[in-house]
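This report concerns only the one structure given below.
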Amino acid sequence: MKTVQVGDISVGGGTLVFIAGPCVIESRDLVLRVAEAIRAIADEVNVPIIFKSSYLKDNRSSLDSPRGPGMEEGLKILAEVREQHGLPVTTDIHSAEEARTAADVVDLVQIPAFLCRQTSLLLAAARTGVPINVKKGQFISPAEMHNVIKKLGDSAGVMVTERGTFFGYHRLVNDFVGLADMLEFGHPVCFDVTHSTQQPGQLGVRSGGRPERAPALARAAVAVGVHALFIETHPDCANALCDASSMLPLEQLPSLLRQLKDLGEFVRCSGYDVR
């Protein structure tokens, strides 16, 4: 199993890693407050956490949906998160032109699901020398992610993320057999817990969600043997500007991470392998 080094965190090295933060950078104040809370949770629960928030959300349901502050301002805020709270940071990039600028700030470059097959974007990300997390598009099979990994070649490190498959009635369904298949690629595999609870298009101008099912999905993914979990979180989900219907309330994060950490240690120590 290859490992991916994200700041001082090793993904795939045996310890369950978490990627957490608000969906989009709503403001400097909010992001720094959430980062401070996540730093405290990481220390309290004794788990590694990579901080995630997007400077731009390009795939929104409506033209009126908030998209974030943009790359320049957003990267400044993420740099503050790393400097003030000592958390590695990650964010989405959407074009080859963004790759180098983002890589100068973040510890992990994230490729959004709908862009996972964009060759020019993948090649630009690979050239930065920064580790890459590619989300699996809902439109391709788990097996096709092997082609994505090939495009990235000898990058600094590659991990892939499962975030659900469209199933035609305004919800996402997770393929846990496919998750096990991706584990056979030999690269760290992450499971996107909160996006997997989305109900795309349910609310017309935005997606719905069932975040109360996030813990069940997270436990299932840990039992399969994933190396990381992606959990978007917010202190006031009802008023969040992005993914309000699917993010996990920040106050629920510590207890869930404790539970998942314990389950991950049990799975690892038991030697159980569903593959």
Using a 10 Å cut-off around each Cβ, can you sort CYS23, CYS190 from fewest to most neighbouring Cβ atoms? CYS23, CYS190
The chain, Gaussian network, Cα under 10 Å: of LYS52, LYS150, LYS76, the residue fluctuating most is LYS150
Percentage relative contact order, the chain, counting C-alpha pairs under 8 Å, at least six apart: 19
Stretchable slack from ASP104 to ALA223, in nm (0.36 nm times residue separation minus alpha-carbon distance): 39.3 nm
Shape of the stretch 39-197 from its Cα gyration tensor (a ≥ b ≥ c, root eigenvalues): rounded if a/c is under 1.5, otherwise prolate when a/b > b/c, or oblate? rounded
Listed pairs LYS52/LYS150; LYS151/LYS261; LYS2/LYS135 exceeding 28 Å between Cα atoms: LYS151/LYS261
Counted charge near ILE77, where neighbours are those whose Cβ lies closer than 14 Å (Asp, Glu -1; Lys, Arg +1): -2
Which residues' amide hydrogens lie under 5 Å from the amide hydrogen of ILE50, considering only partners 5 or more residues apart or on another chain, with H built in the peptide plane? PHE18, ILE19, ALA20
Using helices alone, what [θ] at 222 nm do you get for the chain, with -39,500 (n - 2.57) per DSSP H run of 4 or more residues, divided over all residues and rounded to the nearest 500? -10500 deg cm²/dmol
Within the chain, what percent of beta bridges assigned by DSSP are antiparallel, to the nearest 5? 20
For the chain, just say rounded, prolate or oblate: build the C-alpha gyration tensor, square-root its eigenvalues into a ≥ b ≥ c, call rounded for a/c under 1.5, and beyond that prolate if a/b exceeds b/c, oblate if not. rounded
Per GNM of the chain with C-alpha springs under 10 angstrom, the most fluctuating residue out of THR197, THR119, THR128 is THR119
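Throughout, read-outs are computed from the coordinates displayed, never taken from laboratory work. These numbers come from a predicted model, not from an experiment. Cβ atoms come from the backbone with ideal geometry, glycine included; neighbour counts cover every protein chain shown.
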